[in-house]
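Take a look at the structure set out below.
The values are calculated or read from the model by the stated rules, or taken from the named source; none is laboratory data. In this text, all values refer to a predicted model and were calculated from it rather than measured experimentally. Neighbour counts are summed over all protein chains in view; Cβ atoms, including those assigned to glycine, are modelled from backbone coordinates with ideal geometry. Areas reflect the complete protein model, heavy atoms only, side chains present, ligands, DNA and RNA absent. Shrake-Rupley method; radii C 1.70, N 1.55, O 1.52, S 1.80 Å.
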Amino acid sequence: GAVARCDPAVDGEWSECVASSPGQDHRATAWAAAGLARLGDGERAWQLARLLDPAARGDGPPYLMSGGLRTIGPHAGRAIGGVATASAAWTWLLLVEALLGLERREDSLILRPCLAPGWDGFSLRYRYRSAVYEVAVRVTDGPEVMLLDGQPCPDGRIVLQDDRRDHKVELRLAGKPR
């Protein structure tokens, strides 16, 4: 877990803040992971992101999130609070924007992925109005380059078009494929 289990306080009483939420807050975990991703620490960012996956913990389907998890006994591992849309929203932003690196700014798409350790890349479909963009991110042993329909995007920005066409986006990241 994110926080080690601990024994009750010496005097037998927890502070009011700890007693009301003795555990990992999912929003704070998502914020911390997003910060690590933006600083380039993909390994730790993905480690925190995995703590947010309710399906991995057996807590339920991946689209339902509680506000957090208890990390202090006797109920360590149990959900704190009910279904929390704020936690789900911050986790979505973490995964899409900070880790997969997909950011929309006005009519542009920016790709700055922070790949998980062991990943050689990923692909996704992005719909912008009537157009579909097939995005493929791959680690290669060549230089970093982004292509839109075979043409270089020198500023790393894709200008989105509402043109009822399918487009192909390739982002080749410099490095060694694993």
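Taking Glu170, is it of a type in the set (D, E, K, R), open to solvent by less than 60 Å² (accessible area, probe 1.4 Å) and farther than 22 Å from Gly35 by Cα?
In short, yes.
Taking Ser108 as meeting all but one of (1) at pLDDT 90 or above; (2) among the hydroxyl-bearing types (Ser, Thr, Tyr); (3) open to solvent by 30 Å² or more (accessible area, probe 1.4 Å), write down the number of the exception.
Here Ser108 meets the rest and fails (3).
Quick check on my filter: what residues within segment 141-156 are in contact with a Leu (Cβ under 8 Å, 6 or more places away or on another chain) and crowded, with 16+ Cβ neighbours inside 10 Å?
Listed by number, the residues that qualify are Met146, Cys153.
Quick one: is Pro61 surrounded by 14 or more Cβ atoms within 10 Å (Cβ to Cβ) and modelled with pLDDT under 70?
no
Got at least one residue in segment 84-105 being in contact (Cβ under 8 Å) with a residue 12 or more places away in the chain, open to solvent by 40 Å² or more (accessible area, probe 1.4 Å), in a strand (DSSP E or B) and of a type outside the set (Lys, Arg)?
Within segment 84-105, none of the residues are in contact (Cβ under 8 Å) with a residue 12 or more places away in the chain, open to solvent by 40 Å² or more (accessible area, probe 1.4 Å), in a strand (DSSP E or B) and of a type outside the set (Lys, Arg).
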